[in-house]
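Peer 1: Take this structure first; my questions come after.
The values are calculated or read from the model by the stated rules, or taken from the named source; none is laboratory data. From a predicted model like this one, the values you see are computed outputs, not experimental measurements. When we count neighbours, we look across all protein chains shown, and the Cβ atoms used for this are built from the backbone with ideal geometry, even at glycine. Calculation scope for accessible area: heavy atoms of the full protein, side chains included, ligands and nucleic acids excluded. Shrake-Rupley method; radii C 1.70, N 1.55, O 1.52, S 1.80 Å.
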Amino acid sequence: VQLQASGGGLVQAGGSLRLSCAASGRTDSAYDVGWFRQAPGKEREFVAAISRSGYSTAYADSVKGRFTISRDNAKNTVYLHLNSLKPGDTAVYYCAVSASVMLARTVDEYDYWGQGTLVTVSS
């Protein structure tokens, strides 16, 4: 499975972005998909995850109510909608797939990773 994350950019605080994670190779509908982020000097942290059906989701407390994860299995793409962005959301955002763990929240539970897309939120 190859993953391509895109959609990052520079946005002012309070603004919005939509990140995309496109999968190629084996269809991503066979996997749960998660988004993580890593800020400079910090560890990679869980942001959100969505089940292979799309009916179940999970969010980190820090983004709950502001970010929404969704997927379009026909397009092999998972989206992360970022709203009400804060400077603290600045990070490289990565998508990943897990073949075995539902709505996983740790890095070690994911099998394949995309290259990341940078989100910068200015104050």
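Peer 1: When you scan the stretch 12-55, how many residues do you find that are touching a strand residue (DSSP E or B) at 6+ places or on another chain (Cβ under 7 Å) and not aliphatic (A, V, I, L, M)?
Peer 2: 21
Yes or no, residue by residue, for (1) part of a loop (DSSP other than H, G, I, E, B); (2) touching a Pro at 6+ places or on another chain (Cβ under 6 Å); (3) under 18 Å from Val11 (Cβ atoms); (4) open to solvent by 40 Å² or more (accessible area, probe 1.4 Å):
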{"residue": "Pro40", "(1), (2), (3), (4)": "yes, no, yes, yes"}
{"residue": "Glu43", "(1), (2), (3), (4)": "yes, no, no, yes"}
{"residue": "Ala49", "(1), (2), (3), (4)": "no, no, no, no"}
{"residue": "Ala74", "(1), (2), (3), (4)": "no, no, no, yes"}
{"residue": "Met102", "(1), (2), (3), (4)": "yes, no, no, yes"}
{"residue": "Arg105", "(1), (2), (3), (4)": "yes, no, no, yes"}
{"residue": "Leu118", "(1), (2), (3), (4)": "no, no, yes, yes"}
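Peer 1: Can you say whether Asp32 is acidic (Asp, Glu) and at pLDDT below 95, as far as the supplied structure shows?
Peer 2: yes
Peer 1: I would also like to ask the following. Could you check the stretch 51-69 and list, in sequence order, the residues that are among the hydrophobic types (A, V, I, L, M, F, W, C), assigned to a loop (DSSP other than H, G, I, E, B) and surrounded by 19 or more Cβ atoms within 10 Å (Cβ to Cβ)?
Peer 2: Once the filter is applied, which keeps residues that are among the hydrophobic types (A, V, I, L, M, F, W, C), assigned to a loop (DSSP other than H, G, I, E, B) and surrounded by 19 or more Cβ atoms within 10 Å (Cβ to Cβ), the stretch 51-69 yields only Val63.
Peer 1: A further question on this structure: Just a yes or no: is a residue in the stretch 76-84 open to solvent by 10 Å² or more (accessible area, probe 1.4 Å), closer than 27 Å to Ala30 by Cβ and at pLDDT below 95?
Peer 2: Checked against the condition, which is being open to solvent by 10 Å² or more (accessible area, probe 1.4 Å), closer than 27 Å to Ala30 by Cβ and at pLDDT below 95, the stretch 76-84 yields at least one hit.
Quick grid of which residues meet (1) open to solvent by less than 20 Å² (accessible area, probe 1.4 Å); (2) among the acidic types (Asp, Glu):
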residue: Asp32; (1), (2): yes, yes
residue: Gly88; (1), (2): no, no
residue: Cys95; (1), (2): yes, no
residue: Ala99; (1), (2): no, no
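Peer 1: Inside the stretch 9-30, can you point out the residues that are open to solvent by less than 40 Å² (accessible area, probe 1.4 Å) and among the hydroxyl-bearing types (Ser, Thr, Tyr)?
Peer 2: Once the filter is applied, which keeps residues that are open to solvent by less than 40 Å² (accessible area, probe 1.4 Å) and among the hydroxyl-bearing types (Ser, Thr, Tyr), the stretch 9-30 yields only Ser20.
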